[in-house]
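Reviewing the structure listed below.
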Amino acid sequence: MLSQLSKIIRIGLVASVFFIPATSFAQKFYKPTIDKFSGDTTSSTSQERIASNDSFSSTTASYLNASIKKINGKYFFIITIDVTTSDNQYFLVSQGDIAFIKLADNNLVKLSSVAPSQAKRQTIKKGFVEREYFVADIGYALPNDSLQKMLTSDVSAIRIAVDGANFDFDLKAKDSQMVKNMLGLISGGK
């Protein structure tokens, strides 16, 4: 009986050694591309969901997805917001609107949007639920000092300021680590 139990434990440990790294480090660093017209070199990470305010039984939901881009040595924090239409209005992010990144050490990092972004109405199926969403892709300039702060302290919350409202998202520890992994991938150039 004891030998069977130890065998099961060993199999579980071996399986976890292979499974956990595959799920913990799902972020990808894409091969840099060079624009044939402008000559700009672009590196980027995969887009990952870093926060959500969702309930299976609720008709409302909001999701925050992120990726990091590096274009000719400049960094950009790319945010995609999906919010259900049932409790939100169409929104616009103007150039210069601010994203507030709250760090675990209570510092605030302020990132400025680089271009206007209009939300578009889309029907999206997430899991078994199909809902109407307003979706916006927003690019924020990520200066080197802000990147370093976000690498050294966990991100605890993100507030996206849009014209007429704010969208607030709390990040779990695993999601904060995902942001750090993205930042590390892009700044290390791996």
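For the stretch 84-106, the set of residues classified as of a type in the set (D, E, K, R), assigned to a loop (DSSP other than H, G, I, E, B) and either modelled with pLDDT under 90 or more than 23 Å from LYS120 (Cβ to Cβ) (or both) consists of ASP87, ASP105, listed by residue number. Could you say whether any residue in the stretch 59-66 is among the hydrophobic types (A, V, I, L, M, F, W, C), modelled with pLDDT of 80 or more and under 23 Å from LEU183 (Cβ atoms)? Yes, there is a match, as at least one residue in the stretch 59-66 is among the hydrophobic types (A, V, I, L, M, F, W, C), modelled with pLDDT of 80 or more and under 23 Å from LEU183 (Cβ atoms). Contact annotation: residue pairs with Cβ atoms under 8 Å, 6 or more positions apart or on different chains, pairing a residue in the stretch 159-187 that is touching a residue at least 24 places away in the same chain (Cβ under 8 Å) with a partner that is buried (at least 22 other Cβ atoms within 10 Å of the Cβ) and in a helix (DSSP H, G or I), are LEU171/VAL179; VAL179/MET150; LYS180/MET150; LEU183/MET150.
On the given criteria, is ASP145 part of a strand (DSSP E or B) and either surrounded by fewer than 16 Cβ atoms within 10 Å (Cβ to Cβ) or of a type in the set (Asp, Glu) (or both)? In short, no.
Going by what's in this entry, would SER112 be described as on the phi < 0 side of the Ramachandran plot, surrounded by 13 or more Cβ atoms within 10 Å (Cβ to Cβ) and part of a helix (DSSP H, G or I)? The answer is no for SER112. The set of residues in the stretch 62-83 that are part of a strand (DSSP E or B), surrounded by fewer than 19 Cβ atoms within 10 Å (Cβ to Cβ), in contact (Cβ under 8 Å) with a residue 24 or more places away in the chain and polar (S, T, N, Q) contains only THR80.
The values are calculated or read from the model by the stated rules, or taken from the named source; none is laboratory data. It should be emphasised that the depicted structure is a prediction, and the values quoted were computed from it without experimental measurement. All Cβ positions, even for glycine, are placed from backbone atoms using ideal geometry, and neighbour counts span all protein chains on display.
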